[in-house]
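Taking it in order: structure first as structure tokens, then the write-up.
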Amino acid sequence: MPGLDDLYREVILDHYRSPRNQGELETPPAVRTEGFNPLCGDEVIVFVDVDDTNVIIDIAIGGQGCSISQASASMMSAAIKGTSVDEARQFIGAFKGLMSIHEGDLGGDGSEAEMGIDADAADAGDIKLGDLEALKGVVKFPVRIKCATLSWNTLAQALDEAASDT
């Protein structure tokens, strides 16, 4: 359906051209985590601030890369800001499930453990991805899946670091 593809393309371009939550947060209290994709040179920096009740009160994204990696990071930050850490992990599981069709072909085994997802968090049936669905076309280009998942992998690491700091 060309109309839907055009809509998805516009959503991705909007997030690439006008990224949400771009910048830095003061560390501490925020945690700063960097991710790098050696396949294409994408870099992402995720700053996440989690409060005492395990709610992500703020997130900021930095770095540089292709339109897919930058749009995915922007869309991720908009989706998880204000959610609980558990909800964020469910978003990670749902998004990586959307992308996992080919991710195992790119050096990983595609398992939840390899992707940094708790088995409990992987049960993401209630999570609605919304605009993130626009990135599902990436699975047609397996080498670009790492671009789309870079910020999500980095967020998972940041949440682990935030949990260990408490």
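Length gained on full extension, I57 to Y8, computed as 0.36 nm times the residue gap minus the Cα-Cα distance: 14.8 nm. Considering only the other residues whose Cβ falls under 12 Å of the Cβ of P28, what net charge follows from Lys and Arg at +1 and Asp and Glu at -1? Here the charged neighbours net out to -3.
Computed from the coordinates by the stated procedures, all read-outs in this text should not be read as laboratory data. This is a predicted model, so every value here is computed, not measured. Here Cβ is always computed from backbone atoms with ideal geometry, including for glycine, and neighbour counts include all displayed protein chains.
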